[in-house]
Amino acid sequence: MLSKRLLARVLGVDAKTVRVEQAELVDDCVQIRLRPRIVHRWRCPHCENRCPHYDQGRTRRWRALDWWRTRVFVVAQVPRVQCAEHGVVVAAVPWVRHGARHTIAFEQVAAWCAVEMSATAASRLLRCTWRTVGSIVARVVAELDGDALLEGVRRIGIDEISYRRHRRYLLVVVDHDQRRLIHCVDGANRRTLESFFDQLGKRTSLITHVSADGAPWITKVVTERCPTATLCADIFHVVQWATEALDVVRRDTWNEVSERRRRGHYGTGEGKVLKDARWSLWKNPDHLSESEQARLDHIAATHPRLHRAWALKEGLRVAVTGVGPEAVAALDRWTQWAQRSRIPSFVTLARRIRNYRSAIVATITHRLTNALVESFNTKIRLIARRAFGFHNVAALIALARLTLSGQRPTLPT
Ligand SMILES: [Zn+2]
C-alpha cells in the first residue's frame with residue numbers, strides 16, 4: 001500500500017490536522033479513509049466558532065480529484081456540533097466546504113473548467129453533470145468578496161441583458177476603469193438598481209460618470225441617487241437602435257418583394273438576395289467582403305429606400321463613435337437628416353436621439369469607451385447559453401461573476 005504520508009501529500013491535506021488511515025479499492029474506486037485531528041474543539045462550519053460536541057455523526061463520503069482513470073473518494077466520520085447560533089451542524093473539516101459533496105480541490109478544478117472550457121468538455125473531463133458543476137460554481141462564488149469590487153469605483157456602466165429568449169433580464173454593472181463586472185442580479189428594474197446603490201452606500205459620492213442604455217427608469221434612479229455624476233449614453237446601444245430601425249425597413253422591403261412575387265413581377269431570386277444581404281446591411285462597411293459589398297451595391301440599384309436606411313444607420317454609427325466637437329456636429333446633422341428621411345423608423349429614432357442628446361454628447365466628450373459594455377454584453381449572452389443547462393439563474397450569475405469580475409478561479413496546483 002502507498003505510504004500514508006504520500007497519500008496525504010497527493011490529497012493536499014495537512015498531516016497536522018488530518019490523518020490518513022487507509023486506502024482501499026472499492027468498486028473500481030480508490031477510497032481513502034481520513035480522520036481529522038482535533039486539538040481543542042470542533043468548529044461550526046458557518047461561523048467557525050469552537051462549539052460543544054453533539055454526537056459522533058455518521059460516516060460521510062466525498063468525491064476527490066481522479067487519479068488518472070480511477071475515481072477517488074474520501075471517507076471520514078465527522079461528528080456534529082451544537083452551535084449557539086446555527087444549531088446542530090456537521091463540524092467543519094479542512095478538505096471540504098460545508099454541504100459540498102466534493103472536496104475543495106475538486107471544486108476548484110471544476111470552477112476553473114467551468115470558466116475555461118465548454119459545458120460538454122468540462123462535464124466529460126470531470127465526469128459529473130453540468131448541473132453539478134453549476135452548484136459547485138455557486139458555492140465557490142459565495143466565498144468571493146463581492147463588496148471588495150465596489151471599492152474605489154469612479155466610472156460605472158449599467159446595462160440590462162436579456163437571457164432565456166428575451167423574457168427575463170439581468171441587471172449588470174461594470175467598472176469602466178478596472179474593466180470588470182462588479183454587480184449582477186436577476187431582474188433589471190428600479191428596485192434592483194436602487195438596492196445596488198444601497199450596497200454602494202457612501203461610495204456613491206465618488207462616482208463621476210455613469211453610462212447606461214436609454215431606459216428611462218435607469219436615468220431616473222441615477223439622477224436621484226447619484227446626482228453629481230455625468231450620465232453618458234452607451235454608444236453600443238445607440239448603434240443597436242439604428243440597426244433595429246434598419247431592420248424594420250429591411251423587413252418591409254422583403255414583404256413588398258414577396259407580395260410582388262406573388263403577383264408575378266419578380267423572379268424567385270430577389271427575396272433570397274435580400275435575405276442574404278442581411279449581414280451586409282448590419283456589418284461595419286470596413287469589414288465587408290467583396291461579395292457582401294456586391295450585395296450592397298445591388299440593393300443601392302434596386303431598393304433605394306433600403307439603401308438610404310442603411311446609409312442612415314452607418315451615418316449614426318460613424319457620428320457617435322467619433323470624438324470631440326466634430327462628432328457632436330455630425331450627430332446634430334444626422335438628427336436633421338433622419339427627421340427629413342420620411343422613413344418612419346428613422347424619424348422615430350431621430351426623436352429618441354434628440355431626447356438622449358446630452359447623454360450621447362457626454363460620452364463623445366468624455367471618451368467613455370464603448371467596447372467594455374459591448375464585450376460584456378456578448379460574453380454574458382454566451383455564458384447564458386452555456387449556463388442554460390444549470391436551469392437556474394443563480395448559477396448563471398455565479399458563472400458570470402466568476403468569469404468577468406477579475407476573480408477568476410486558479411487551479412489548486
Ligand atoms: Zn455557528
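The values are calculated or read from the model by the stated rules, or taken from the named source; none is laboratory data. Computed from a predicted model, the values in this text were never measured in an experiment. Positions of Cβ are generated from backbone atoms using ideal geometry, with glycine treated the same way; all protein chains shown enter the neighbour counts.
At a glance:
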item	result
Subset tally (residues that are over 22 Å from Leu349 (Cα atoms) and touching a His at 6+ places or on another chain (Cβ under 7 Å)) for the stretch 210-262	2
Given (1) of a type in the set (Val, Ile, Thr); (2) surrounded by fewer than 14 Cβ atoms within 10 Å (Cβ to Cβ); (3) in contact with a His (Cβ under 8 Å, 6 or more places away or on another chain), index of the condition Val26 fails	(3)
Number of the exception - Glu160 against (1) under 16 Å from the mean Cα position of the chain (by Cα); (2) buried (at least 20 other Cβ atoms within 10 Å of the Cβ); (3) touching a residue at least 60 places away in the same chain (Cβ under 8 Å)	(3)
Checklist (1) assigned to a helix (DSSP H, G or I); (2) more than 28 Å from the chain's Cα centre (by Cα) applied to Thr228, failing item	(1)
Within the stretch 333-413, helices (runs of 4 or more DSSP H) holding 1 or more residues that are closer than 30 Å to Ile136 by Cβ	371-387, 393-404
Matching entry among Arg180, Arg155, Arg203 (being touching a residue at least 24 places away in the same chain (Cβ under 8 Å) and either surrounded by fewer than 16 Cβ atoms within 10 Å (Cβ to Cβ) or more than 23 Å from Val238 (Cα to Cα) (or both))	Arg203
Arg37 vs. criteria away from the ligand (no atom under 16 Å from the Cβ), within 23 Å of Val140 (Cα to Cα), among the charged types (D, E, K, R) and loosely packed, with under 13 Cβ neighbours inside 10 Å	no
The one condition in (1) surrounded by 15 or more Cβ atoms within 10 Å (Cβ to Cβ); (2) modelled with pLDDT under 90 that Trp337 fails to fulfil	(2)
Filtered residues of the stretch 5-64 (kept if in contact (Cβ under 8 Å) with a residue 60 or more places away in the chain and out of contact with any Lys or Arg (no Cβ under 8 Å at 6 or more places or on another chain))	Leu11, Gly12, Val13, Asp14
Check on Glu143, more than 16 Å from the ligand (Cβ to nearest atom), under 30 Å from Gln56 (Cα atoms) and either surrounded by fewer than 20 Cβ atoms within 10 Å (Cβ to Cβ) or among the basic types (Lys, Arg) (or both)	yes
Residue count for the stretch 206-236, restricted to those that are surrounded by 13 or more Cβ atoms within 10 Å (Cβ to Cβ) and among the charged types (D, E, K, R)	3
Flag if Ala301 is within 16 Å of Ile235 (Cα to Cα), out of contact with any helix residue (DSSP H, G or I) (no Cβ under 8 Å at 6 or more places or on another chain) and not aromatic (Phe, Trp, Tyr)	no
Any hit, the stretch 310-318, residues being in a loop (DSSP other than H, G, I, E, B), of a type in the set (Gly, Ala, Ser), modelled with pLDDT of 75 or more and within 30 Å of Ala233 (Cβ to Cβ)	no
The stretch 82-109 - residue that is in contact (Cβ under 8 Å) with a residue 40 or more places away in the chain, more than 15 Å from Thr132 (Cβ to Cβ) and within 16 Å of the ligand (Cβ to nearest atom) and, of those, surrounded by the fewest Cβ atoms within 10 Å (Cβ to Cβ)	Glu85
Scope the stretch 120-140; condition surrounded by fewer than 20 Cβ atoms within 10 Å (Cβ to Cβ) and farther than 27 Å from Gln199 by Cβ; matching residues	Thr120, Ala121, Arg124, Leu125, Arg127, Cys128, Thr129, Arg131, Thr132
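Yes/no per residue for (1) within 16 Å of the ligand (Cβ to nearest atom); (2) in contact with a strand residue (DSSP E or B) (Cβ under 8 Å, 6 or more places away or on another chain); (3) among the aromatic types (Phe, Trp, Tyr); (4) over 14 Å from Val93 (Cβ atoms):
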position	(1), (2), (3), (4)
Arg41	yes, yes, no, no
Cys44	yes, yes, no, no
Glu48	yes, no, no, no
Pro52	yes, yes, no, yes
Trp62	no, yes, yes, no
Trp67	no, yes, yes, yes
Val74	no, yes, no, no
